[in-house]
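What follows is a set of notes on a single structure, which appears directly below.
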C-alpha cells in the first residue's frame, strides 16, 4: 500500500462514460494520486466538459490519505474519482521519499479560480455551492470582476444534509452548469458529489473546501512564500486554532510514510 507508479491509464468516466486519458498516477499509502500539472489538470477538465456526462475531481492531501486509511467509503470515492489532483506539499514530499515523485502541487484553491478563468475564455458555465450564506454570492462577484465574461449560472449555500439534497440537485440540474464547485469541506463535499452525480450529470464536479472564503475575502490565504515551502497548514491553524485536531493527521502521515519506506527497505534486504 505504498507508492507504486502506474503506467499511463485511461480511467472510465463516472456512470459508464467514455474514458478520459490521464497522466501517470502513484499510490501513497494505498490512495491514488494523479501526477498532473495545473495545465494538465485544466486540460482534463476541458476534456470532461467536452465529453459530457458526470465526472468527479478530488483534491487529495495528507488529511485525505489518513482518513482513507480507516474510512473505506471515502477511500472508494477517492479511488473512483476521474481526476485526483495532488493538493498538498506533504504529498510531494511523500512521493519523493517513496521513490515515485510527483511533478507539481495542484491546489484546489488555485484550480477553482483557474476554472473560472477557463470558463470566461471558453464559455463554460459555473455553479458555486456551499460555504456560509452569502459567501458564494460574494465569491461570484469577485470572479466576475476578475474574469469578465465568466458565466456563473448559480450560487447557493445549502448544506450536505440528506434532507436538502433533492432541492439542491433540482437547482443545479435547472442551471445546467459545466463546472460545479462544492465548498462543504472534506469529506462531506466529496461524498455529496459522489452520491448525487448520477442525478446531477455535471461534466466536472469538484470539492473545493474553503476556497470560496478565500475568493470572497472572508478569510485570507497563506502568503505565497508559505505555500511554496509547505507551511500553508500552519497559517490556517493560526487563523483557525480549532483545526488543531485535524492537523494531527500531518505528523501521523509523515510517520506512516517513513514506516512504509523503512519496511520496504527491510523487506528488500
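Every number in this text was worked out from the coordinates using simple rules, so none of it is lab data. Being a predicted model, the structure only gives us computed values, none of them experimental. Here the Cβ is made from the backbone with ideal geometry for all residues, glycine too, and neighbour counts use every protein chain on show.
Just so you know, the averaged projected area of the alpha carbon convex hull for region 67-218 sits at 9.5 nm². For residue 121 and residue 79, a Förster radius of 35 Å and the Cβ-Cβ distance give a FRET efficiency of 0.65, rounded to the nearest 0.05. The length gained by stretching the chain between residue 261 and residue 220 to full extension, at 0.36 nm per residue less their Cα-Cα distance, is 11.2 nm.
Extending 7 Å from the Cα toward the beta-carbon at both residue 24 and residue 188 defines two label points whose distance is 3.9 nm.
For the peptides 109-115, 161-167, 141-147, 53-59, the ranking by mean Cβ contacts within 10 Å, running from highest to lowest, is 53-59, 109-115, 141-147, 161-167. Protection proxy ranking for 38-46, 184-192, using the average of other Cβ atoms within 10 Å per residue and placing the highest first: 184-192, 38-46.
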